[in-house]
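The values are calculated or read from the model by the stated rules, or taken from the named source; none is laboratory data. Keep in mind the model is a prediction, meaning the values are calculated, not measured. Heads up, the Cβs are rebuilt from the backbone with ideal geometry, glycines too, and the neighbour counts pull from every protein chain shown.
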Ligand SMILES: C[S@@+](CC[C@H](N)C(=O)[O-])C[C@H]1O[C@@H](n2cnc3c(N)ncnc32)[C@H](O)[C@@H]1O
């Protein structure tokens, strides 16, 4: 079946209302995109827990999808009337039938982290060369496919520093990618923690798929007073700031901490917090994101 796709450019104050009104008048779906994506006026939006941001761009494109027989002129006109705005200009395009699953899958290729460590979606041939350590991981509802620089920085650290037999805590586990990779690289025991129950379920499924035995907990369920040889947390600067004392307490004396999800300009402030407990290494940067690591002092 063919679809009709309509793009309408609107200002910040109209975007939610018009998007809802299009759905109410028959759109199958709507998506909101930065109208200036790719040009000099592009507006990055970063959200952190407890730091509310305006989650829309000043100029947004509403991209709405309709069935092939929908009367677009009538629907856009009714939606505009419902919101009390003038009939907007819109751009109409016909979207031919596609194999949507194949199209989505084609956007996720295997990712090579190091000469031996790979992340491969299940629909690709799995690498079988001797010495290769492969995680089979499909994109899902939890963050962490290995493609994001913050995850990449953590995987690179694990690849280089896991010697075998360590205990590891992955705080903010998302898809469980770091705990699972650590087990495949040889840690003796790995636990993951996340505030999102969906992430816990995704992590458990991914551990099963990779045939490793990891444990995943909501924050309050992590057994008290347990310390770990390695504590790794790819969250964001604000939670890393709030969780600093707890993450330090969870690291055994002489153990290592690895922090990611930090923007370059946040590095100094976070280093000042964590150097209360840790001798820190030089920060490592990838695509504007920074990894901080260090060893816990006695
Ligand atoms: C950027 S993702 C990282 C996922 C994965 N560890 C990786 O490296 O790709 C951050 C995860 O931290 C979780 N998170 C955010 N704040 C948290 C908190 N205060 N306690 C535990 N988990 C948290 C989020 O739900 C999300 O799954």
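Some notes on this structure:
- Any hit, the range 219-226, residues being within 9 Å of the ligand (Cβ to nearest atom) and surrounded by fewer than 20 Cβ atoms within 10 Å (Cβ to Cβ): yes
- Residue within the range 167-179 that is crowded, with 17+ Cβ neighbours inside 10 Å, within 16 Å of the ligand (Cβ to nearest atom) and within 30 Å of residue 22 (Cβ to Cβ) present: no
- Qualifying position, being more than 22 Å from the chain's Cα centre (by Cα) and in the same structural domain as residue 230 (by TED's automatic domain parsing), among 149, 139, 127: 127
- Residue 209, sole failed condition from (1) touching a strand residue (DSSP E or B) at 6+ places or on another chain (Cβ under 9 Å); (2) closer than 23 Å to residue 124 by Cβ; (3) free of Cβ contacts under 8 Å to residues at least 60 places away in the same chain; (4) surrounded by fewer than 18 Cβ atoms within 10 Å (Cβ to Cβ): (3)
- Sub-7 Å Cβ pairs linking a first residue in the range 1-27 that is without any contact (Cβ under 8 Å) to a residue 12 or more places away in the chain to a second residue that is in a helix (DSSP H, G or I), at least 6 apart or interchain, number zero.
- Residues of the range 114-134 that turn out to be out of contact with any helix residue (DSSP H, G or I) (no Cβ under 6 Å at 6 or more places or on another chain) and assigned to a strand (DSSP E or B), as a count: 4
- Screening the range 261-288 for residues that are part of a loop (DSSP other than H, G, I, E, B) and modelled with pLDDT of 95 or more and picking the one that is nearest to residue 226 (Cα to Cα) gives 277.
- Qualifying residue in the range 7-17 (condition: closer than 26 Å to residue 238 by Cβ and either modelled with pLDDT under 90 or touching a helix residue (DSSP H, G or I) at 6+ places or on another chain (Cβ under 9 Å) (or both)): yes
- The numbered conditions (1) modelled with pLDDT of 95 or more; (2) closer than 20 Å to residue 289 by Cβ are all true for residue 146 except (1).
- Residue satisfying condition, being modelled with pLDDT under 95 and either in contact with a strand residue (DSSP E or B) (Cβ under 6 Å, 6 or more places away or on another chain) or within 15 Å of the ligand (Cβ to nearest atom) (or both), within set 214, 298: 298
Here's the yes/no breakdown for (1) away from the ligand (no atom under 16 Å from the Cβ); (2) within 30 Å of residue 18 (Cβ to Cβ):
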| site | (1), (2) |
| --- | --- |
| 71 | yes, yes |
| 75 | yes, yes |
| 87 | yes, yes |
| 93 | yes, yes |
| 124 | yes, no |
| 157 | no, no |
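- Scanning the range 86-97 for residues that are surrounded by 13 or more Cβ atoms within 10 Å (Cβ to Cβ) and closer than 13 Å to residue 9 by Cβ turns up 88, 90.
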